[in-house]
1. Among the residues of segment 24-59, count how many are charged (D, E, K, R), within 19 Å of residue 97 (Cβ to Cβ) and more than 11 Å from the chain's Cα centre (by Cα).
2. Scan segment 59-111 for residues that are assigned to a loop (DSSP other than H, G, I, E, B) and within 15 Å of residue 31 (Cβ to Cβ) and jot them down.
3. Just wondering, is there one or more residues in segment 34-55 that are surrounded by 11 or more Cβ atoms within 10 Å (Cβ to Cβ), in contact with a Pro (Cβ under 7 Å, 6 or more places away or on another chain), under 22 Å from residue 14 (Cβ atoms) and at pLDDT 90 or above?
4. Could you check how many residues of segment 78-93 are surrounded by 14 or more Cβ atoms within 10 Å (Cβ to Cβ) and at pLDDT 90 or above?
Amino acid sequence: MSSLQDREILVDANLMLERWEGTTCVQTVVLSSQGDGVLTLACSGKLPRMTWKELGSWRERLCTIVELTEQELLVTSEGSLLVRVVRLPSGRPGVSVRWWAVLKQFLSGKG
């Protein structure tokens with residue numbers, strides 16, 4: 001039986017998703033990997049509304065991705081870094097939220 005420490009998973013991604021309302025594309029999300037192995041989830045357009053519970057669920061999902069891939073994960077919106085998830089020396093994921101950038105997204109009407 002293998003444990004997570006025995007696995008080596010490297011995600012090499014370049015995936016684009018679009019969210020449409022009627023005939024208008026309101027959001028684009030691109031999942032890509034950089035040369036140094038960092039995963040980037042880049043959003044542009046209107047961010048979906050979420051409850052605190054849904055945000056907590058997303059946080060858990062992002063942490064799971066970092067745990068499984070052992071790759072750093074950046075979440076950006078309109079070029080601004082919102083969330084950075086890294087693997088700490090303890091092996092657990094560490095989440096850093098740029099609250100000013102998140103607040104700016106909501107104040108600008110993007111959130």
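1. Taking segment 24-59 first, the residues charged (D, E, K, R) are 36, 46, 49, 53-54, 59.
Remaining after also requiring within 19 Å of residue 97 (Cβ to Cβ): 49, 53-54, 59.
Retained after the next criterion (residues that are more than 11 Å from the chain's Cα centre (by Cα)): 49, 53-54.
The qualifying residues number 3.
2. In the first step, residues of segment 59-111 are kept if they are assigned to a loop (DSSP other than H, G, I, E, B); the result is 70-72, 78-79, 88-92, 98, 108-111.
Those that are assigned to a loop (DSSP other than H, G, I, E, B) and within 15 Å of residue 31 (Cβ to Cβ): 71, 72.
3. no
4. 8
The values are calculated or read from the model by the stated rules, or taken from the named source; none is laboratory data. All values derive from a computational prediction rather than experimental measurement. Cβ coordinates were reconstructed from backbone atoms using ideal geometry, including for glycine residues, and neighbour counts include every protein chain displayed.
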